[in-house]
Amino acid sequence: MSDRIEADYLIETAFDPRVAAEVMAGEQSSGTFVKVPGETPELKARSAATVDKIDVVETTDSPSLPGARHPDGASIQRAHVTLSWPLHNLGPSLPNLMATVAGNLFELAQFSGLRLLDIRLPSAFAERYDGPQFGVEGTRRLTGVADGPVIGTIVKPSVGFDADQTAALVKTLAEAGIDFIKDDELQADGPACPFEDRARAVMAVVNAHADRTGKKVMVAFNLTGEIDEMKRRHDLVRDLGGTCIMASLNSVGLTGMIELGRFSELPIHAHRNGWGYLSREPHLGWSYIAWQKIWRLAGADHMHVNGLQNKFCEPDDSVVASARTCLTPLFETKPCIAMPVFSSGQSAIQPPETYRRLGSADLIYAAGGGIMGHPDGPAAGIESLRESWNAAIAGEPLEHRANAVPSLAKALEAYG
C-alpha cells in the first residue's frame, strides 16, 4: 500500500462484472472508449488502474437507476469491487484524488448503480496534509469539558434574528450552562444579521460570561463564503477571543476547505448540509466512510454524523458507523481524529443507546428542540441532557435516574 491508492465500490451492472470493472479502471486511468496508439503495454504497466478484487453479492430483477445499457436477456448483478491506482498518477493531491476515485464513473452506461464505499491512502497524503489541528483533545481543552460529551445546541430560529437577538439567546444559553453553540448553516452574512455585527455582539456576551464564571462557551460562527471572506471572518472571530469557526463543506468545496484548514488558528466545525444528494440512493454516490476521510485530511475538526432516531431518513446503523469512522485513525503515524457531532432531533431520550452503540463519549451532542423545547426552559433542557449522559456512562437505567432528577423526568415525558 505504500505507493497505491485503493477504493472499494458497490456496482450494479447487466454486463459481466469483471468487464464492467475493467471499464471503470480504464476510464479512471490510462484508457478511454477506444484503444489509442499511445496506450502501450509499458504505459499500462506503469499507469493503469487495476481491478484487485470482485465479489458478486446478489442479482436483482430491475435496475436501480435509469439510462444504463442492458444486453438482451442479461441479469443485473451487484458486486463489490476494489480498484487501485499508482500514486505517481496524481501524487498526494486531494482534489485530484476526488477526480480519480469519483470522477466519470457514476454516469458510465455499463452501470445502473455505482457507490464509493471506502478509500485507503498511502502515507504520502498524511505527509502532505495537516488534518485536524484540534480534534477531540483540542475541543475538550477549549470548552473545558474534560470528559463526557460536549453538550451543544444550534441557534434557532435558523434565520430571522438580528445580531442583538442572537446575542441575547447566547446569553441565556451560556447562563444555562451550555458548552457549545453553533450558527445554523443558513445564517452566514445576510443583510438582516451581518457576520461582523453578530460576531461582535455574541462574543461580548461570551467574554463577559467567561470573565464572571471562568467558562468560555465555544461558539461555531458560520463563516461560509468565498476564501477571502472566510479569512477575514476567521481573523475577526480570533481577534474577538472566539474559539471556533464553522464552514459548510459542500458549499466551500474541497480546495476552499483545504485553504481554510491551513489558514485557521481555530477549530473548524464542518457541516455536511447537502449530504443527502450524495448518499440517499443506496446504489449511487458516496458512503460516509469514504467521504469523511477526505475532509478530515483537509482539516475538519468536527464532523456531523446525524443522530439516533433522527428527523431525517438515515438509519441508526449508518449514524453509528459514521461516528465510529470519525474516531478511527486514518494512518498509524497520523490519526487525524475528528470529533463526531450528533444532531437532528436529539433530546434526553437518545444518550443511553448512543453511548451503548458508540462506546465513547468523545462527541458533541447538539440538541435544539431538546434544549429549547424543555417544559422548564433551556437550563432544565441542558441539565436533562447531562443527566441522561451521566446515567448512560454509569450504566444506570434512565428511568431510575429520572426519579431523582425532575428535569430529566420531564424531558422523558415531553420527548418520549
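Residue-wise, which Karplus ³J(HN,Hα) couplings in Hz belong to the range 45-61, taking 6.51 cos²θ - 1.76 cosθ + 1.60, θ = phi - 60°, and x for glycine or proline?
Going residue by residue, I get 4, 8, 10, 6, 5, 10, 8, 8, 7, 9, 10, 6, 10, 5, 10, 10, 7 Hz, with x marking Gly and Pro.
Please report, to one decimal in angstroms, the Kirkwood hydrodynamic radius of the chain built from all distinct Cα-Cα pairs.
In the chain this quantity evaluates to 23.0 Å.
Pull up the DSSP beta bridges for the chain and report the antiparallel fraction as a percent, rounded to 5.
Among the beta bridges of the chain, antiparallel pairing accounts for roughly 50 percent.
Working from Cα positions, state the angle (0 to 90°, nearest 10) between the long axis of helix 163-176 and the longest principal axis of the chain.
Helix 163-176 sits roughly 70 degrees off the main axis of the chain.
Give me the distance in nm between label points sitting 7 Å out from Cα along the Cα-to-Cβ direction at Asp316 and Gln165, one decimal.
In this crude spin-label approximation the distance works out to 3.7 nm.
Write out the trypsin sites (Lys or Arg not before Pro) in the range 1-95 meeting two conditions: DSSP loop, and at most 15 other Cβ atoms within 10 Å of their Cβ.
Lys35, Arg69
Among rounded, prolate and oblate, which fits the range 281-356 when a ≥ b ≥ c are the square roots of the eigenvalues of its C-alpha gyration tensor, a/c under 1.5 means rounded, and a/b larger than b/c means prolate?
Because a/c hits 1.5 or more and a/b fails to exceed b/c, the range 281-356 counts as oblate.
For the range 284-370, which trypsin sites (Lys or Arg not before Pro) pass both filters: DSSP loop (anything but H, G, I, E, B) and at most 16 other C-beta atoms within 10 Å?
Counting only loop positions with at most 16 other Cβ atoms within 10 Å, the trypsin sites (Lys or Arg not before Pro) in the range 284-370 are Lys311.
Using the heavy atoms of the protein chains alone and a 1.4 angstrom probe, what is the accessible area of the chain per residue in square angstrom?
Heavy-atom accessible area per residue stands at 42 Å².
If I build a Gaussian network model for the chain, linking alpha-carbon pairs within less than 10 angstrom, which residue out of His374, His304, His269 has the largest mean-square fluctuation?
Per the Cα network of the chain with a 10 Å cutoff, His374 tops the list.
Note down the accessible area of Val101, probe 1.4 Å, to the nearest 10 Å².
0 Å²
Rounded to the nearest 500, what is the chain's calculated 222 nm mean residue ellipticity when only DSSP H runs of at least 4 contribute -39500 (n - 2.57) each, over all residues?
-12000 deg cm²/dmol
How many nm separate the modelled label positions at Asp376 and Asp55, each set 7 Å beyond the Cα in the direction of the Cβ?
Once both label points are built, they end up 5.2 nm from each other.
Give me the percent of accessible area attributable to carbon and sulfur for the range 167-291, probe 1.4 angstrom.
51 percent
For the chain, find the longest principal axis of its Cα atoms and tell me its angle to the long axis of helix 227-239, 0 to 90°, nearest 10.
For helix 227-239, the angle is close to 30 degrees.
Taking only Cα atoms and a 10 Å spring cutoff, compute GNM fluctuations for the chain and point out the largest among Asp235, Asp362, Asp72.
Result for the chain, Cα springs under 10 Å: Asp72 fluctuates most.
Could you check the simple spin-label distance between Ala210 and Asn104, using points 7 Å along Cα→Cβ, in nm with one decimal?
So the label points at Ala210 and Asn104 sit 5.1 nm apart.
The values are calculated or read from the model by the stated rules, or taken from the named source; none is laboratory data. Note that the coordinates shown come from a computational prediction; the quantities given were computed from them, not determined experimentally. Positions of Cβ are backbone-derived with ideal geometry, glycine not excepted, and every protein chain shown enters the neighbour counts. Accessible surface areas use protein heavy atoms only, side chains included; no ligands, DNA or RNA. Shrake-Rupley method; radii C 1.70, N 1.55, O 1.52, S 1.80 Å.
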